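Nothing in this text is a laboratory measurement; each read-out follows from the coordinates by a stated rule. Everything numeric here is computed off the predicted structure, so don't read it as measured data. Methodologically, a virtual Cβ is constructed for each residue, glycine included, from the backbone with ideal geometry; neighbour enumeration extends over all protein chains shown.
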Amino acid sequence: MTQRTQSKSPLGTLLWVLGILSLLASTFYPTDLASYARGEGISRAPETAHFTERYARFVNPVLQAGLPVLLGDKAGMIEVVKIAIATTLATQVLKHALNNVHIMGTRLGERPPLPSGEPPRDFADGNYNMPSGHSSMASCGAYFVSRRYGWKLLLIVFPVLLLTMFARVSLDKHTLSAVISGAILGILMSAIFTTPYSKLAPASRDA
């Protein structure tokens, strides 16, 4: 019987510390909201941003949910459920907890301003900016897929993550700090539960 080590490597511990520090730095960065005022709103966003918002951003969640099913990876399916719950809870708790927090005159929950004279479509248009839920879901999917099934898959999931973050900023849905915060949060939540995939049964691995 082989024994799995329970101790973390110094590099792993360092990466966790850097990840948490990066999350705190991006979350509490005092964004200059006035710099996001464009006057013309999403009409100036490139077509890439619109395409990503409508279609491409779903690639990572679909791969995250679909690969374990296609491979018959029951352990992976359980990990996906845990990651989805943890990431959603962490994102929503922070969104509501930070909505009315002010840092150097900036309310963390305030989204980029809408074009002059354009009324908010709903309450969330001006609230719950921090962190970006789209970014956290895209990043937790990216980490899970590449960590569990091979880092080569980063060639697919990492560009999708970057495009998702780019789209949210380009479409004036989130500040830059919010999409960075969301991406780091999703990675950290996924890292808690994700393990490398093996085709061998658990009994065979321990033999």
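Couple of notes before you dig in:
- Cα shape, region 61-107, gyration tensor, a/c 1.5 rule: prolate
- Kirkwood's formula applied to the C-alpha pairs of region 9-104 gives a hydrodynamic radius of 17.4 angstrom.
- Order by protection proxy (mean Cβ within 10 Å, highest first), peptides 184-196, 24-36: 184-196, 24-36
- Label-to-label distance, Trp151 versus Thr13, with points set 7 angstrom from Cα along the beta-carbon direction: 2.2 nm.
- Global form of region 134-181, assessed from the alpha-carbon gyration tensor, a/c cut-off 1.5: prolate
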